[in-house]
């Protein structure tokens, strides 16, 4: 269940038997031919699926992340690093106050990683809190599937091309990953990446995507189970 | 169109002919028997409707607002004032960089008002920007309808009880508004407001709600038209 | 009594029998033909008068507020939103430490409203604190007097033209309120408002002003009485 | 002239012939038997006197400074270091925007010194700005007078006991300065300093105080003259 | 050359022919039996060696990093995430002002990674800047050597046990890596990791360490060469 | 002992019998012909010498301070005021958590003084903490030696020309101190100070420098002894 389907009385009831909360951290940034909200849609889909099986609540997604390097691609709306980590802290503190103690952060965007350090800081301040962080695309599960099918997972390539992230027709074939050195600024990144994909196949068989999703969902369920 | 239905190429095309953007500011907070996301759902519905008629783009909603006074109601997830205003600034700066110049902030939550002052600060820094702010529930349109039907608009009463914000059965009848003095802290607010509604009828005829929505939508369209 | 007439021993004695403090929040900004400190002078006059009747202490006025939109009028000295709310927090925390528990914020400037949200945040952190906020010009008392004399209260018009805020001769007659849409930046505000008044009569009979002041003072005394 | 005696048109006229501004930085903190606003009153008196002779404008005093060590003395209202320096920056930036270029900071409180570093930062950002800082009590003039009369200048002793800072009868005689080592916290400071004076004579002949004031005023006039 | 061996005239001369600077980012945190400054010593040794071959200047090391999770190990002195990223920004802005344009960040501590996002932000603000980031222990070179000798690189195991980081005798043998789930707070981390090593061999032959160092140095030289 | 020669177990042992820590605050800024790290080297040498006699631990030096006014001298790397005070706070809080209670700040740079105010703030928050601050060059000891040899101590003149701060040959003779009024920005400072010395003799007999160092070391030992 997402919080938007509930009122506060429902949450109060929930907290009598459970103290887990899933927080989806996303981004609004270029994903080549895919939706600008790809980094929200994927972890949110995982969260919804995990919630359906476990009944664990899902907070409204954080629709914006840290994406300074993509700011030359129209539609990328990026939070400053400092803003994002404050936002994540505020969510944790609010939920902790109500009695939530075990948090799973389902992260959809690599640029959001710095929030982990703020979460460590919080863990020293909020007694009894337990936090886990899952970035699906760097999981061992994804690595195995990529190896199995000899595919290279990368930003805005087949890896993120689920049917629910597609908003336009995808190119056939493969893109050569552009060579990149050092930290590119927004203009350099656009010059280097062109259509925004980091290279590789733009899409693969839906069956692979289903396998991928299922594997990540299994991960999520396991992490939720271990959050003890 | 919402950004999540588009990729960056779509936005680039859009910007060749339009520089307007609707930003929905909401909250995740108690609304009595209504959805915790009521303050997102209403302005987002207005944004979608206005977008359908005008083609103006809608950014992903800001799902969290400033709600310190409701933090004793489970499910309320509040940003600090300082976090929220930084977040709004970041969105404006990102979009401005792409070429967006005219912004309509469709605000769903009274506690978010301080962001207006940050927007004034930004207007002194970003040449050519034009910003409008619309808080639907304090509009003249709502005032007129409330007078017409002799209803008092208030937090979490009939005013916000659209069919799309209802997640539970609503009480029949009317609630006496509790007397409140000074700035209540979260615990005092819960003690004072009980179920969370500020009093008055919990619901009214759907036809009134439709009239209300239509009047606000007309306002939004007018403000968008005037954003020149 | 204002704090500047006292030493710390006096305050220590005071705190043995009282824990109320009046904090005046003002601004240094254009007020048309009136003093740049109009927004300090009016609430400070109310504070002094209320203090005389009740003995409640008055902290030194905060001479600066949030006025980004008037920064093209020379003499306007504006604090950033973030600075102002930190300042107000610091005052409350300092006074709370000494034993003050009940605070009345006598606000003279609409732009300062965001501080209310910070005060709500503080109310969740400082046990036993009680805070009230009074912005005299939006009070029901002022509304009634305005209706009675068929006057429209507005920035830098008759509403603020007390004898103690006048520093130059005031124009006779009435100014047509300029039409304003959206959030004006500082240059646009100056272009729109010209002499700085938002329109209406520049001055009215001193008897009306006295009535106005007396009504607001009565409000202040009532709020102070209710701060329990 | 203080800004509170002027409207914005007056300041606009002033700026056609002058770009100097005096900013008074004070504190609201214990001064033994003297007024809690002693650190405002002295530099403000100097500013007023200098203004009378030169016509240079005086901004409204900053009534609060950085006084963490006196927070166990009731009535001390202290800003955090971070707040104070932001506040000073905001005043400079606002005035600079109007065309003020030469600033004299008349400081009344030693704890405010860190603002100097922020002013240095600003001087690298605002072309053409000229800033001077005068802390009257550490001036060479005060040193000479103290030597001449074999007096030791110190916090809340004769040094600050002008007729306009006295709010109670002052003790006769001399206080032995308490031995102090390291940085005392607020409670330790109160335990060490008792009545709040740092020791020495509580008061001296008015003629010495007049000589002191005249010497400092001469300093201020000289610094203003040199601000070129 | 390190900056501490130079005066400003030397740097001015250097900048006439070179605009590269190496900035060493470290940490002061537990490293099991190894020095608390291990994360400074290793990248600094690499920087010195690279500087000797290239003449590129080395800024004074940042001796403190982001280590909240080790704060239950005495001697760990951690900066907040927000402090660290501001510090790194200040160094870059200062050096950029002098004419430095190409920066290599030699990072010794995984917890410092969030600074990369701030560097991306800066790259959008400082025209012509080029930045590269090298975290030696996650390099492909280290991976290869670890595979070659069938060793697992980990915090405070053989990987960091150079002769210049050893301050005590190291245990013989191997430690079983403790199982860890989720984000541990400082107390949990100490309970889990005991002596502080993350497991594996505590030390290996000096010849392997020399090979490791040489490989990383080669990386550094290559990155410096590519910084064009 | 410096922390870099120890591992965490050593610090844990130390804390069983001692709770003192020396923190060296420096700067990386122009010092005329002397090392850019002069402000680190001097207090660090004092710290090392004091540590050798007392066994008190020395934290890694803070290699950067607040030096905005020297930013036109290449090699000056300055922290913002706000960054520096946060950094100092973080060090104190980290060490306090481990059980350190008595801190001596050995400061090498005048621009770092604002940190004292943050330390006062901390002293109100951390029970049992004791902090002392020693800026060697403004000590009474230095004043006496300067008087004895009729020398004027000043930035980057003989005062700081220890053998361990020299990185180039020093000019013979004396420099006339440039006249300076007000707060100079970085460019003005460079124009005024030329080679960077504030004037006076560039160097004196090593015996005087030894006497100076010995006197300051005696001060440091006394302050450490009094930190009770």
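Observations, loosely collected:
- Inside the stretch B:104-114, residues that are more than 9 Å from chain C (Cβ to nearest Cβ) and in a loop (DSSP other than H, G, I, E, B) make up a count of 2.
- Members of the stretch A:180-189 that are outside any loop (DSSP other than H, G, I, E, B) and surrounded by 21 or more Cβ atoms within 10 Å (Cβ to Cβ): A:183, A:186, A:189
- Positions within the stretch A:207-228 being exposed (fewer than 13 other Cβ atoms within 10 Å of the Cβ) and outside any helix (DSSP H, G or I), in sequence order: A:228
- Meets criteria (more than 17 Å from residue C:153 (Cβ to Cβ) and touching a helix residue (DSSP H, G or I) at 6+ places or on another chain (Cβ under 8 Å)) for residue C:212: no
- Residues within the stretch E:115-161 that are in a loop (DSSP other than H, G, I, E, B) and either at negative phi or in contact (Cβ under 8 Å) with a residue 40 or more places away in the chain (or both), tallied: 15
- Look at the stretch E:217-228: where a residue is touching a residue at least 24 places away in the same chain (Cβ under 8 Å) and a partner is surrounded by fewer than 16 Cβ atoms within 10 Å (Cβ to Cβ) and assigned to a helix (DSSP H, G or I), sitting 6+ places away or on another chain with Cβ atoms under 9 Å, you get E:217/E:53; E:219/E:140; E:221/E:53; E:221/E:54; E:224/E:54.
- Filter pass, residue D:122 being surrounded by fewer than 19 Cβ atoms within 10 Å (Cβ to Cβ), within 13 Å of chain F (Cβ to nearest Cβ) and closer than 23 Å to residue F:186 by Cα: no
- Among residues of the stretch F:189-223, those that are within 13 Å of another protein chain (Cβ to nearest Cβ) and in contact with a strand residue (DSSP E or B) (Cβ under 6 Å, 6 or more places away or on another chain), counted: 2
- Taken over the stretch A:11-36, the criterion of being without any contact (Cβ under 8 Å) to a residue 60 or more places away in the chain and in contact with a strand residue (DSSP E or B) (Cβ under 9 Å, 6 or more places away or on another chain) is satisfied by A:14, A:18, A:28, A:36.
- Qualifying residue in the stretch E:135-146 (condition: under 16 Å from the mean Cα position of the chain (by Cα) and at the interface with chain A (Cβ under 9 Å from one of its Cβ atoms)): no
- Residue B:204 being surrounded by 13 or more Cβ atoms within 10 Å (Cβ to Cβ) and either in a helix (DSSP H, G or I) or at pLDDT below 95 (or both): no
- Helices (runs of 4 or more DSSP H) enclosed by the stretch F:1-103 - at least 2 residues per element that are surrounded by fewer than 24 Cβ atoms within 10 Å (Cβ to Cβ) and facing another protein chain (nearest Cβ under 7 Å): F:8-17, F:81-98
- Filtered residues of the stretch F:12-24 (kept if within 14 Å of residue E:30 (Cβ to Cβ) and touching a helix residue (DSSP H, G or I) at 6+ places or on another chain (Cβ under 7 Å)): F:15
Every residue, every condition in (1) touching a strand residue (DSSP E or B) at 6+ places or on another chain (Cβ under 7 Å); (2) under 17 Å from residue D:27 (Cβ atoms), yes or no:
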| site | (1), (2) |
| --- | --- |
| D:120 | yes, no |
| D:124 | no, no |
| D:127 | no, no |
| D:143 | no, no |
| D:148 | no, no |
| D:155 | no, yes |
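- Residue count for the stretch A:25-39 under the criterion of being closer than 15 Å to residue A:111 by Cβ and in contact with a helix residue (DSSP H, G or I) (Cβ under 7 Å, 6 or more places away or on another chain): the result is 10.
- Condition check for residue F:161: buried (at least 16 other Cβ atoms within 10 Å of the Cβ) and within 15 Å of residue F:30 (Cβ to Cβ): yes
The values are calculated or read from the model by the stated rules, or taken from the named source; none is laboratory data. All values derive from a computational prediction rather than experimental measurement. Neighbour counts run over all protein chains shown; Cβ positions are idealised from the backbone, glycine included.
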